[in-house]
Amino acid sequence: MLQSFLNFFRKPAESHPWQGYAEHMKRLGITQTSLFLSFDCDTDLDAEATLSLLPLLEQRGIKASFAVPGTQLLRQKQAYTEVASRGYEFFNHGLRPHTEWDGQKYVGRTFYNELTPQEVENDIREADTTLREVLGITPHGFRAPHFGCYREPDQVAFMHAVCADLGYTYASTTIPAYALEHGPAFISQNIVELPLLGSWNNPTSILDSWTYLADRVHYRLSEEYFTLFNETIAASTKHRVPLLLSLYVDPAHVLGQAPFMRMLDMVRELRIPSYTGKECAQFFRGRLEGTCAA
């Protein structure tokens, strides 16, 4: 069965974007699509949106993990303490604010490529302390702000080394190109990296809410978001390519948005299992280390 989807990629040339990913899944012995859903909470709007999203996730039995900058945790302590008390996973998202209000919309701040390595390390370590003090938890994972801005191999390895020193088990801070090359997970500096995923027909572009907002001032999610998700599920089923749907959205972008709700409903209807980042890391570490040992 698994060989059949590899045969698909070899017609007529071995250059299909998903070929490497498919080969990794075969080598790891993975036959079922699963979901790692995470939420990046970078603005003041996200805390209230998160509290409204939780019942929607729980009604569908969908697990989720939350990445919140330390400054947002301090500003919205009550809301995120409530989320943590309900058993949701939080992972390190740096300390500094990731956005600021310019009078009309939120704009990006804190780009790691504009900081020195020492400043990047300090931001990661200070966020770790904040998570422990504010939420009383032990974080196990990390994500840098603003995907694609700190993505060179040496930069990724540097972040992983800091995470390993903090005792983390995983990170999810790389773009879809890493997934296409390395598969759904790879080990770097003893950290299991879970790259984000693109869509079947747009494999190198992150399938996230920001990319597919039709209105970035009032936050209206494009219908293309669900279309691409639906096409991805259909193609992976047709060609028997199991996927780790490593996807993230911002809560304020998707609350009350029909394309996102249809995505959640499809996950439930198809009985796609969902996992936290920590659970994914545990699973893939066993498979990856077993493959290396073999």
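Each 5 Å bin from zero holds the following percent of Cα-Cα pairs in the chain: 1, 5, 12, 17, 19, 18, 14, 8, 4, 1, 0, 0.
Couplings for the stretch 33-44, taken from phi via the Karplus curve 6.51 cos²θ - 1.76 cosθ + 1.60 with θ = phi - 60°, read 6, 9, 10, 10, 9, 10, 10, 9, 10, 9, 10, 5 Hz in order; Gly and Pro are left as x.
Less than 5 angstrom separates the built amide H of Leu221 from those of Ala214, all sequence-distant by 5 or more or on a different chain.
Listed cross-link partners Lys105/Lys278; Lys26/Lys278; Lys63/Lys105 are compared with a 28 Å cut-off, the Cα-Cα value being larger for Lys105/Lys278; Lys63/Lys105. In order along the stretch 210-215, the phi-based Karplus estimate (6.51 cos²θ - 1.76 cosθ + 1.60, θ = phi - 60°) of 3J(HN,Hα) comes to 4, 4, 10, 6, 7, 9 Hz; Gly and Pro are listed as x. Close amide H partners of Leu245, meaning residues 5 or more places away or on another chain with modelled amide H under 5 Å apart, are Ser34, Leu35, Phe36. Converting phi to 3J(HN,Hα) with the Karplus coefficients 6.51, -1.76 and 1.60 and the offset θ = phi - 60°, the stretch 65-75 yields 10, 10, 10, 10, x, x, 5, 6, 4, 5, 6 Hz in sequence order, with x at every glycine or proline. Counting 0.36 nm for each residue step from Ala235 to Thr116 and taking away their Cα separation leaves a gain of 38.6 nm. Our analysis of the stretch 199-294 gives Rg over Rh at 1.03, with the two radii drawn from alpha carbon positions and Rh computed by the Kirkwood formula. Surface composition of the stretch 175-259: carbon and sulfur atoms hold 47% of the protein heavy-atom accessible area at a 1.4 Å probe. Dipole of the chain computed with +1 at Lys/Arg Cβ and -1 at Asp/Glu Cβ about the Cα centre; of Tyr225, Ile272, Ala164, farthest Cα towards the positive end is Ile272. Distances between placed amide hydrogens fall under 5 Å for Val192 paired with Tyr170, Ala171, all partners being 5 or more residues away or on another chain.
The values are calculated or read from the model by the stated rules, or taken from the named source; none is laboratory data. Being a predicted model, the structure only gives us computed values, none of them experimental. Here Cβ is always computed from backbone atoms with ideal geometry, including for glycine, and neighbour counts include all displayed protein chains. Ligands, DNA and RNA are excluded from the accessible area calculation, which covers all protein heavy atoms including side chains. Shrake-Rupley method; radii C 1.70, N 1.55, O 1.52, S 1.80 Å.
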